[in-house]
1. Which one of PHE136, ILE39, ALA152 is farthest out on the positive end of the charge dipole of the chain, using unit charges on Cβ (Lys, Arg +1; Asp, Glu -1) and the Cα centre as origin?
2. Listed highest first by mean packing, meaning other Cβ atoms within 10 Å per residue, what order do 146-152, 14-20, 100-106 come in?
3. Which of ALA211, PHE20, PHE112 sits closest to the plus end of the dipole of the chain, meaning its Cα is farthest towards the positive end, when Lys and Arg get +1 and Asp and Glu get -1 on the C-beta?
4. How large, in percent, is the carbon and sulfur part of the accessible surface of the chain at a probe radius of 1.4 Å?
5. Helix 50-61 sits at what angle to the longest principal axis of the chain, using alpha carbons and giving 0 to 90 degrees rounded to 10?
6. Given a 1.4 Å probe, how much area per residue of the stretch 1-78 is accessible, in Å²?
7. Rounded, prolate or oblate: which fits the stretch 1-86 when a ≥ b ≥ c are the square roots of the eigenvalues of the alpha-carbon gyration tensor, with rounded for a/c under 1.5 and prolate only if a/b beats b/c?
8. Compute the accessible area per residue over the stretch 120-229, keeping the other protein chains in place, probe 1.4 Å, unit Å².
Amino acid sequence: MKRQDLYFALVMLAIFLPFFLSPELYAWYKTFNAEHAMIMAFLKFAILSTLGEMLGCRISTGNYTHPTFGAMPRMVVWGLLGMAISMAMTVFSAGIPAFITAMGGAELVDQFYMEGITFGKFVVALAISVMMNTFFAPVFMTFHKITDAHIAECGGSLKALITPIPMQRLIKSINWDVQWGFIFKKTIPLFWYPAHTITFMLPGELRVLFAALLGVALGVILAIGLKKK
């Protein structure tokens, strides 16, 4: 293990360990999260998903960053994307159970809102995950790919946040063999469907945090995709 790996591990411990050691801090987190959900979504994704991308960079290049990586603009972009993900989770976790109820699955939906693990909770959570990842995730992933390329073109500086994105050109520059053949066709059904099924089986206050933690996994997945490219 190199020194930079030790630093990375220490940062991760510093983020999570206090919540395990201090019940008061965890209680404050739950209260603040309930009262300011979008602010917490911004912070969770800004920190954890950026760290995930740094881990992916470490896997693919041997270093946690590179000259055009742009950790600060990535944090801002991830924070905004995290707010969009939180909104999507709220919409789909309310809309899909309503649809299942309309289709005669009220008993399954009742189980979904019960505590503990039940068959109905699994079925409804799976349905929410499949619908969200089928209709929301591809647009989200493509936009995220575009923002990464834009940040790199701006040299990793904060000016990327105020520079107009050349959307048409960057869309054309995406490697669709990887984007479709690996990111969409493989990671969505094989990873994101089951991962977000688990997410929606968790209590509401933990869902966005777990989704943000999956950003670390996303960094590893993108690193694998880069290697395939």
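The values are calculated or read from the model by the stated rules, or taken from the named source; none is laboratory data. Please read these numbers as outputs of a predicted model, since none were measured by experiment. Reconstructed Cβ throughout: ideal geometry from the backbone, glycine too, with neighbour counts over all protein chains shown. Heads up: the accessible areas ignore ligands, DNA and RNA and are worked out on the full protein's heavy atoms, side chains in. Shrake-Rupley method; radii C 1.70, N 1.55, O 1.52, S 1.80 Å.
1. Most positive-ward Cα: ALA152.
2. Taking the mean over residues of other Cβ atoms within 10 Å, the ranking is 146-152, 100-106, 14-20.
3. It is ALA211, whose Cα lies furthest towards the positive end.
4. 72 percent
5. Taking the Cα atoms of the chain, the angle to 50-61 is about 50 degrees.
6. Spelled out: the 1.4 Å probe surface of the stretch 1-78, per residue, equals 58 Å².
7. Oblate, because a/c is 1.5 or more while a/b does not exceed b/c.
8. Spelled out: the 1.4 Å probe surface of the stretch 120-229, per residue, equals 49 Å².
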